[in-house]
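Visitor: Dropping a structure here in structure tokens format, bear with me for questions.
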Amino acid sequence: MKRGDVIVCAFPHASSTPSKSRPAVVVQADFYNERIKNLLVAGVTSVMTNLGDNAHFFIEAASEEGRRSGLKSDSLVSCINLAVIPPSRCRPTDRDALG
């Protein structure tokens, strides 16, 4: 997994409720991905409440980047809730399952 990859992982919920499988973006530099045993990821959501907020990055599903990511709907990458996840709890996106 490399920086910028959209993956599916067991992303912890901010309220400390159990984690759930959801899309995330690897934000950690590739240099560290090869040297440490965890991934730093940013959560992805289709809830547009924070659209326009500087701590959120908009991905348009119809754009070239959106199509490559496998996301089926417009999404926001949240740079507010980052998580450190073991790679064993992550997998590449199933481009047919995201939405």
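Please treat every number below as a calculation from the coordinates, not as lab data. What you are looking at is a predicted structure, and each value in this text was computed from that prediction instead of being measured. All Cβ positions, glycine included, derive from the backbone under ideal geometry; neighbour counts span all protein chains shown.
Visitor: For Thr45 and Lys72 in one chain, what is 0.36 nm times their gap in residues minus the Cα-Cα distance, to one decimal in nm?
Guide: Length gained, Thr45 through Lys72: 8.6 nm.
Visitor: Which of the cysteines found in the chain have nothing to pair with, since no other Cys Cβ lies under 4.7 Å from theirs?
Guide: So far as the 4.7 Å Cβ criterion goes, Cys79 stand without a partner in the chain.
Visitor: Now for a different question. As a footprinting exposure proxy, order Ile36, Ile85 by other Cβ within 10 Å, with the fewest listed first.
Guide: Listing Ile36, Ile85 from fewest to most nearby Cβ atoms yields Ile36, Ile85.
Visitor: Summing -39500 (n - 2.57) over the DSSP H runs of n ≥ 4 in the chain and dividing by its residue number, what mean residue ellipticity at 222 nm do you reach, to the nearest 500 deg cm²/dmol?
Guide: Rounded to the nearest 500, the figure is -2000 deg cm²/dmol.
Visitor: Express the relative contact order of region 6-92 as a whole percentage, based on alpha carbon pairs under 8 Å and six or more residues apart in sequence.
Guide: The value is 34 percent.
Visitor: Where nothing but the Cβ of Lys and Arg (+1) and of Asp and Glu (-1) is charged, how large is the charge dipole of the chain around its Cα centre, in debye to the nearest 20?
Guide: For this selection, approximately 400 debye.
Visitor: For Asp30, what charge total do you get from the other residues with a beta carbon under 14 Å from its beta carbon, if Lys and Arg give +1 and Asp and Glu give -1?
Guide: Summing Lys/Arg as +1 and Asp/Glu as -1 gives +1.
Visitor: Report, ordered by chain and residue number, the lysines lying within cross-link reach of Lys37, taken as a straight Cα distance under 16 Å and ignoring same-chain residues fewer than 8 apart.
Guide: Lys2
Visitor: On to the next question. Would you please put 14-21, 70-77, 50-57, 1-8 in order of how densely packed they are, using the mean number of other Cβ atoms within 10 angstrom per residue and starting with the highest?
Guide: In descending order of packing, they fall as 70-77, 1-8, 50-57, 14-21.
Visitor: Right, something else. Loop-only GluC sites (Glu not before Pro) in the chain, please: DSSP not H, G, I, E or B, and at most 12 other Cβ atoms within 10 Å.
Guide: Passing sites in the chain are Glu34.
Visitor: Along the positive direction of the dipole of region 16-79 (beta-carbon charges: Lys, Arg +1; Asp, Glu -1; about the Cα centre), which of Ala61, Thr49, Leu71 reaches farthest?
Guide: Result: Leu71, furthest along the dipole toward the positive end.
Visitor: Above 16 angstrom, tally the Cα pairs of the chain and express them as a % of all pairs, no decimals.
Guide: So the portion of pairs separated by more than 16 Å is 53 percent.
Visitor: A follow-up question, please. Where Lys and Arg each count +1 and Asp and Glu each count -1, what net charge lies around Leu76 among other residues with Cβ under 12 Å from its Cβ?
Guide: -3
Visitor: At 7 Å along the Cα-to-beta-carbon direction for both Ser19 and Leu82, put a label point, then send me their distance in nm to one decimal.
Guide: 1.6
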